Structure formats: structure tokens, C-alpha cells
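Single-structure report; data block below.
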């Protein structure tokens with residue numbers, strides 16, 4: 001009889017890389033000549049520049 | 001620019017750094033060890049925890065030049081090839097992670113706790129985790145994982 005999958009705990013595939021520091025997050029990107037952006041929002045809801 | 005020489009995960013590394021360069025910047029940006037994360041930049045979240053001469057340290061709170069001559073262990077140096085360290089294996093087994101961002105810091109911090117306290121209680125673990133923030137799951141499974149991981153580490157000795 002096939003194993004019952006419903007309700008069975010499933011080991012996550014992604015955990016190994018997260019646990020060994022091999023996950024890839026946006027902040028980990030480091031390309032040659034990479035530039036960084038920062039969004040500076042206006043403190044004024046409606047104003048003439 | 002000052003030069004700093006240290007041992008990282010068993011390998012000697014020398015780098016030119018600025019006086020203000022933080023240890024985590026040296027690890028991530030110059031040595032390419034991006035497993036150590038910066039979650040807050042204000043020394044609260046603990047995602048950047050590494051071991052410096054055997055003690056867990058927030059690497060965003062230490063200047064790179066302060067680590068001169070030190071022995072640094074990061075999350076990348078914990079497993080033995082494809083064989084997870086008992087603490088890493090316990091996190092996997094007990095679902096102690098979700099997005100994984102806080103995990104390197106949690107695991108490094110937990111390993112230091114287990115070195116200092118062979119049989120930590122739930123209270124000991126929760127108190128120790130004061131400096132590590134998880135925003136996914138809450139701490140229930142992390143605490144369970146650390147208890148099991150500490151037991152496995154004590155058993156392995």
C-alpha cells in the first residue's frame with residue numbers, strides 16, 4: 001500500500017541551504033559596478049518643488 | 001588603510017579595511033561570506049552573529065580591526081561538508097526556520113549556548129535568545145530545536 005501523504009510531516013527542501021548560509025537574499029547580490037538606490041520620500045504631501 | 005589578518009572558518013584571510021569597517025562588512029563584502037546577515041544595522045536582531053575566538057558576537061557591533069588575529073567561525077564553517085552540525089540538523093528536524101534570514105544568527109548563538117550550558121532549560125534558551133529576533137514563526141520551534149540540538153551536542157562528546 002502506498003504511504004499516506006495526507007497529514008504526514010514533509011521535510012522542507014530549502015532548509016539545507018538556509019541552515020548552511022547558502023540562501024540567496026537580495027542584500028547578498030554583489031555585481032560588478034552595482035549601484036544602490038535609496039528612496040527619499042517627500043515630507044510634504046502637496047508642495048511646489 | 002589598515003590591514004587586518006584573521007582566521008575565518010579555518011582559513012587565514014588578510015584584507016585592507018577602513019577604520020570604520022565592521023566585521024560583518026568584511027565577511028560579507030570582502031570575503032563573500034553572505035551567510036551572515038544584516039537584519040537591522042542597530043545590533044538588535046542578531047542575524048549577524050558569528051563566533052570570535054569561541055564566543056558568539058554580533059558581527060555588526062565589532063570593527064573589523066578589532067578582529068585582528070582572531071579566530072572567526074561563521075555559519076558557512078559550521079557543517080562538515082554535506083553533514084550538518086547537530087544544531088543545524090536539529091533546526092531542520094524541528095522546523096526551527098521558515099524564511100531562513102535569522103537562522104544563521106540563531107544557530108551560531110545556539111551553538112555558543114550549548115557550549116556554555118550543556119543542558120539548557122527552556123527558560124535558559126528563551127533568555128539566551130534575547131538578542132536574536134525572528135519575524136516569521138515565533139520562537140516555539142526554535143526553542144525546541146535548540147533544546148534538541150544541545151542534547152545532541154552533549155551526546156556527541
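Just so it is clear, none of the values below were taken in a lab; they were calculated from the coordinates. Because the structure is a prediction, the values reported are computed rather than measured. Quick reminder, even Gly has a Cβ in these numbers, built from the backbone with ideal geometry, and neighbours come from all protein chains shown.
What the table shows:
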read-out	value
Which of B:37, B:95 has the fewest Cβ neighbours within 10 Å, and the rest in rising order	B:95, B:37
Potential extension, residue B:44-residue B:16 segment - 0.36 nm per residue separation minus Cα distance	7.3 nm
Crossing angle, helix B:103-116 versus chain B [Cα axis fit, 0-90 degrees, rounded to tens]	80 degrees
The protein assembly as shown - mean residue ellipticity at 222 nm from DSSP helices (-39,500 (n - 2.57) per run, n ≥ 4, rounded to 500)	-7500 deg cm²/dmol
Cα gyration tensor shape of chain B, rounded if a/c is under 1.5, else prolate or oblate by comparing a/b with b/c	prolate
Of B:59, B:43, B:109, the one that fluctuates the most in a GNM where chain B has Cα springs shorter than 10 Å	B:43
Cα gyration tensor, chain A - rounded (a/c under 1.5), prolate or oblate	oblate
Principal-axis tilt of helix B:140-156 within chain B, Cα atoms, nearest 10 degrees	80 degrees
Percent RCO, i.e. relative contact order, over the stretch B:86-156, from Cα pairs under 8 Å lying at least 6 residues apart	54 percent
Segments B:115-128, B:14-27 sorted - mean Cβ within 10 Å per residue, highest first	B:14-27, B:115-128
Packing-based order for B:76-83, B:46-53, using average beta carbon neighbours within 10 Å, highest first	B:46-53, B:76-83
Rough spin-label spacing in nm, given labels placed 7 Å along Cα→Cβ, for residue A:39 and residue B:119	5.3 nm
Per-residue mean of C-beta atoms belonging to partner chains within 10 Å, peptide A:20-30	6
Residue mean of other protein chain beta carbons inside 10 Å, A:9-19	6
The protein assembly as shown shape via C-alpha gyration tensor axes, a/c threshold 1.5	oblate
Inter-part distance where the stretch A:16-39 and the stretch B:31-82 are each reduced to a Cα centre, Å	16 Å
